[in-house]
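Asker: Here it is, the structure, as structure tokens.
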Amino acid sequence: MTLAIFVGFVLLTLGITWWSSGKSQGAGAFFAAGRRITGWQNGLAVAGDYMSAASFLGIAGLIAFYGYDGFMYSVGWLVAYLTVLLVVAEPLRNIGKYTMADILAYRLKARPVRAMAALSTLTVSTFYMIAQMVGAGTLVSLLLKDSGVTFQGAVAGVGLLMVLYVVFGGMLATTWVQIVKAILLMGGTMLLSVLVLAHFNFSFAQFFDAVSHVSFTVDGQQVTRDFLEPGWYYKPPYGTWNLLSLGLALVFGTAGLPHILVRFYTVPDAATARVSVVWAMAIIGTFYVMTTFLGFGAATIVGPDLIKQSGGINMSAPLLAQALGGEAFFAFICAVAFATILAVVAGLTITASTSFAHDFYAGFLFRDQELSPETEVRVARVTALVVGILAIASAIALGPSANVAFLVGLAFAVAASANLPVIILTLFWKRFNTLGAVSGLGVGLASSIILILVGPSVRGAADALFPLENPGILSIPLGFLAAIVGTLLSDEPEAEAKFIEMQVRAHTGLGAEAASPH
């Protein structure tokens, strides 16, 4: 049954890709879906792009095993969209064309900032994509083991599908795959939440009473703990600092995630961009509130011990669905998880290929040759194929035991440390210049990667040179500091001269349609 639902979803998305392929001719259509996506459609697509397997499977599992501390992940991811709404969405749509680097190149020297922005975008997208691919391989091979699907086969299958979506359907196909995924995910999560409440006779008192008395085995001993109390995951001596660092990376990283930012180029104007963020916040907020029912429901109804025996922490939500809705609902929830992974990797693939083609190939390597839009699209399609092959190879090489949370955390930390400081300073500091942008991007990128490599996620707690799992609390200030120092060390009157022009365009949209493909 699970296999049948998987195949049904794949056929549906391939049908969307075939339909989109005829409408994805030209650069504007391929990279930005012709800027014809409406507010509610883009809101659903943003939510579909954002709510990854880490959200659906990972957070439910963290709450099922660590209670209140696991829920703090949900809070960080939800609050993050306030930064996007209030700071980034409107100026991004008004100033840019296809990528994050368009904002920087508007008033800074295009060649160096496009090269560094492309490097940052490819780094974030690659780590995020490999994490999703490893998760996909682990999940799909576990769910379809009776059908003979291996980890390697599952990774290759997901990689092939994401390349097909992007190469043939472009942004339009990717958008509609994300919309379908968001509808399926919200529908499945709502139904599962209702079933959890029904199990407790729709009594919140009964539900939270059960949550405060969760029994499981520790070192062979049966213990009972209150999962509403903090401190099971974020333990001393660095628990508070770990939570603070993670929160900073999530809140600031979201506004710097390239695959989220490019979504605002698919709408016709800045007002629609704001509307789409409001839609996204409503959908994402509802989802993350419901993760409490998924996680606590799995802890109380299934139990941490059975979850651990039946595939580990990421199986919490599917096993809860099986316990409450039988095999058919289990199959549906597993298919939703599969759809979640497919939609996110498709968004990451088109972001990486767009950035390489538009920023690095056309904006850096061949900037003096004025390449045609058709050439950019062709390069992007080839890049999507190469990115897909590299992601498949990397995920298979890392294997199912790879630390997925570490890879996702690295992606958010890089986005928060490298991308967000230069976006903020470009928009709001008149003195900001090209050296500042290159310094901020370079130091933010390097510091976040180095701190994770010397941290406990890689070296283990005993040998770590940096004690925190997420480097955000140190790498984000370093990114801002490098951008500020780099700016103060050089003068660039041209950048200052274009600041007022950029401000007018960012806040009024005057001239924005000049960047439109229409």
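The values are calculated or read from the model by the stated rules, or taken from the named source; none is laboratory data. Being a predicted model, the structure only gives us computed values, none of them experimental. Counting neighbours? That spans all protein chains shown, and the Cβs are built from the backbone with ideal geometry, glycine included.
Asker: Does the range 444-453 contain at least one residue that is free of Cβ contacts under 8 Å to residues at least 24 places away in the same chain, more than 30 Å from GLU496 (Cβ to Cβ), assigned to a helix (DSSP H, G or I) and not β-branched (Val, Ile, Thr)? Lay out the reasoning, then the answer.
Answerer: Of the range 444-453, the ones free of Cβ contacts under 8 Å to residues at least 24 places away in the same chain are 446, 450, 453.
So of that shortlist, the ones also more than 30 Å from GLU496 (Cβ to Cβ) come out as 450, 453.
In the following step, the residues that additionally are assigned to a helix (DSSP H, G or I) were identified as 450, 453.
Retained after the next criterion (residues that are not β-branched (Val, Ile, Thr)): 453.
Yes, the range 444-453 has at least one match.
Asker: Further question: For the range 26-54, enumerate the residues that are more than 30 Å from ALA80 (Cα to Cα) and either in a helix (DSSP H, G or I) or out of contact with any Gly (no Cβ under 9 Å at 6 or more places or on another chain) (or both).
Answerer: Selection gives ALA27 alone.
Asker: Also: If you check TRP241, TRP232, TRP176, which single one turns out to be surrounded by 15 or more Cβ atoms within 10 Å (Cβ to Cβ), touching a strand residue (DSSP E or B) at 6+ places or on another chain (Cβ under 8 Å) and either more than 30 Å from GLY509 (Cα to Cα) or touching a residue at least 40 places away in the same chain (Cβ under 8 Å) (or both)?
Answerer: TRP232
Asker: Which ranges mark the helices (runs of 4 or more DSSP H) fully within the range 59-117 that have 1 or more residues being hydrophobic (A, V, I, L, M, F, W, C) and within 29 Å of ALA380 (Cβ to Cβ)?
Answerer: Here the list reads 68-83, 89-95, 101-107.
Asker: So, one more: Of all residues in the range 6-27, which are at pLDDT below 85 and within 24 Å of ALA328 (Cβ to Cβ)? Outline the logic, then answer.
Answerer: Step one: list which residues in the range 6-27 are at pLDDT below 85, which gives 6, 22-26.
Correct list: PHE6 only.
Asker: Still on this structure: Within the range 288-297, does at least one residue satisfy the condition of being part of a loop (DSSP other than H, G, I, E, B) and touching a residue at least 40 places away in the same chain (Cβ under 8 Å)?
Answerer: no
Asker: Looking at ALA64, ALA80, which one is buried (at least 23 other Cβ atoms within 10 Å of the Cβ) and either acidic (Asp, Glu) or more than 26 Å from LEU319 (Cβ to Cβ) (or both)?
Answerer: On the way: ALA64 fails: either acidic (Asp, Glu) or more than 26 Å from LEU319 (Cβ to Cβ) (or both).
Every option except ALA80 fails the conditions.
Asker: How about the range 431-449: which of its residues are basic (Lys, Arg) and either within 27 Å of the chain's Cα centre (by Cα) or crowded, with 23+ Cβ neighbours inside 10 Å (or both)?
Answerer: Within the range 431-449, no residue meets the criteria.
Asker: Against the conditions (1) of a type outside the set (A, V, I, L, M); (2) over 16 Å from PHE252 (Cβ atoms); (3) assigned to a helix (DSSP H, G or I); (4) within 25 Å of the chain's Cα centre (by Cα), where does GLU496 fall short? Just the number, please.
Answerer: (4)
Asker: Moving to a separate point now. Is at least one residue of the range 495-504 of a type in the set (Asp, Glu) and over 30 Å from LEU244 (Cβ atoms)?
Answerer: Looking for residues that are of a type in the set (Asp, Glu) and over 30 Å from LEU244 (Cβ atoms), one finds at least one in the range 495-504, hence yes.
Asker: Right, ALA271: out of contact with any Leu (no Cβ under 7 Å at 6 or more places or on another chain), in a helix (DSSP H, G or I) and closer than 30 Å to VAL211 by Cα or not? Full working, then the answer.
Answerer: On the way: out of contact with any Leu (no Cβ under 7 Å at 6 or more places or on another chain): yes; in a helix (DSSP H, G or I): yes; closer than 30 Å to VAL211 by Cα: no.
Judged against the criteria, ALA271 is not a match.
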